[in-house]
Structure formats: structure tokens, C-alpha cells
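One structure is given here, and the rest of the page talks about it.
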Amino acid sequence: MRSVSIALISLLLLLGCRSERQFQQAAESWIGRSEGELIQSLGVPDRSHKYGASTYLEYHYGSSVEMPGLPPAYTATVIGDSIYVDSIPGSPAYTVSEHCALTFQMRAGKVYDYSYRGNGCRA
């Protein structure tokens with residue numbers, strides 16, 4: 001049980017260190033740079049489409065972490081000749097999922113703007 005608690009605390013600390021503001025700053029740093037630089041650094045986009053004078057390049061990121069469940073715990077108290085047992089219910093395993101879709105708007109071969117959505121857009 002102690003190792004599960006340490007793992008959970010470590011995960012929460014790691015997630016807490018990442019910020020949406022840092023993600024925005026990283027995305028903003030691409031504005032004005034070329035499409036070639038973007039693709040060379042981030043790879044081929046997951047989707048792209050053209051609308052009017054703009055081309056939109058979309059990148060998807062995602063991850064899932066399986067958190068193990070906890071077994072029930074029991075405590076026993078002896079009072080005189082009697083033993084009293086208390087139980088603390090366990091918890092089932094669960095999955096923590098994060099996803100981010102980052103879209104760059106391209107005009108004349110350069111990054112013009114960006115948008116993002118999802119709960120995992122943190123850097």
C-alpha cells in the first residue's frame with residue numbers, strides 16, 4: 001500500500017509541474033516560422049486541410065496511465081476479551097487519460113496562428 005501511495009504522489013507531482021501556460025508559450029514560439037521547420041521538428045501532422053488562403057496542420061498527443069486499485073484494509077482492536085475489527089474498503093483500478101489536439105494555421109508557408117483543445121495540453 002505504501003508503494004502505491006508513493007507512485008500516486010509521484011504521478012500527481014509530475015502532472016502538477018506541467019503547465020498550460022508553458023504549452024502556450026511553446027506553441028506561440030512557432031508563429032512566423034516555416035512549415036518545413038514545423039514538420040522537421042514535430043513530424044508529419046496527423047491531419048491537414050486547406051480552407052481559403054490557409055492550411056491547417058493538426059497534431060494529436062495522448063497518453064493513458066493505469067492506476068492500480070487498493071485492497072481493503074483491516075484494523076483490529078482488543079478491548080478486554082473482545083476483538084473488534086474495522087474494515088476500510090479498497091478502491092478499484094482506474095485509468096487517467098490525457099489528450100491534446102494542437103492545430104497550426106499556415107499562411108504563405110509560415111505559421112500564422114494556433115489553437116488547441118484537450119486536457120493534456122501542457123508542457
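Please indicate, with yes or no, whether at least one residue in segment 61-84 is at pLDDT 95 or above, at negative phi and surrounded by 12 or more Cβ atoms within 10 Å (Cβ to Cβ).
No; the residues of segment 61-84 include none that is at pLDDT 95 or above, at negative phi and surrounded by 12 or more Cβ atoms within 10 Å (Cβ to Cβ).
Taking residues in segment 34-45 that are acidic (Asp, Glu), and partners anywhere that are in a loop (DSSP other than H, G, I, E, B), the pairs with Cβ atoms closer than 9 Å and at least 6 places apart or on different chains are GLU35/GLY109; GLU37/TRP30.
The residue pairs whose first member lies in segment 15-28 and is of a type in the set (Phe, Trp, Tyr), whose second member is modelled with pLDDT of 90 or more and assigned to a helix (DSSP H, G or I), and whose beta carbons are closer than 7 Å, counting only pairs six or more residues apart or on different chains, do not exist in this structure.
Which members of segment 42-52 meet the condition of being exposed (fewer than 10 other Cβ atoms within 10 Å of the Cβ) and within 17 Å of GLN105 (Cβ to Cβ)? Show your work before the answer.
Our first condition is that a residue be exposed (fewer than 10 other Cβ atoms within 10 Å of the Cβ); within segment 42-52, this holds for 43-44, 50-52.
Those that are exposed (fewer than 10 other Cβ atoms within 10 Å of the Cβ) and within 17 Å of GLN105 (Cβ to Cβ): LYS50, TYR51, GLY52.
Suppose we keep only residues that are among the aromatic types (Phe, Trp, Tyr) and at pLDDT 95 or above within segment 85-114. Which one would you say is surrounded by the fewest Cβ atoms within 10 Å (Cβ to Cβ)? Give the derivation first.
At the first step, the residues of segment 85-114 found to be among the aromatic types (Phe, Trp, Tyr) are 94, 104, 112, 114.
Subset that is at pLDDT 95 or above: 104, 112, 114.
Working: PHE104: 26, TYR112: 14, TYR114: 17.
Here the residue is TYR112.
The values are calculated or read from the model by the stated rules, or taken from the named source; none is laboratory data. Owing to the predicted nature of the structure, the values given are computational and were not obtained by experimental measurement. Note that we place each Cβ from the backbone using ideal geometry, even for glycine, and neighbour counts take in every protein chain shown.
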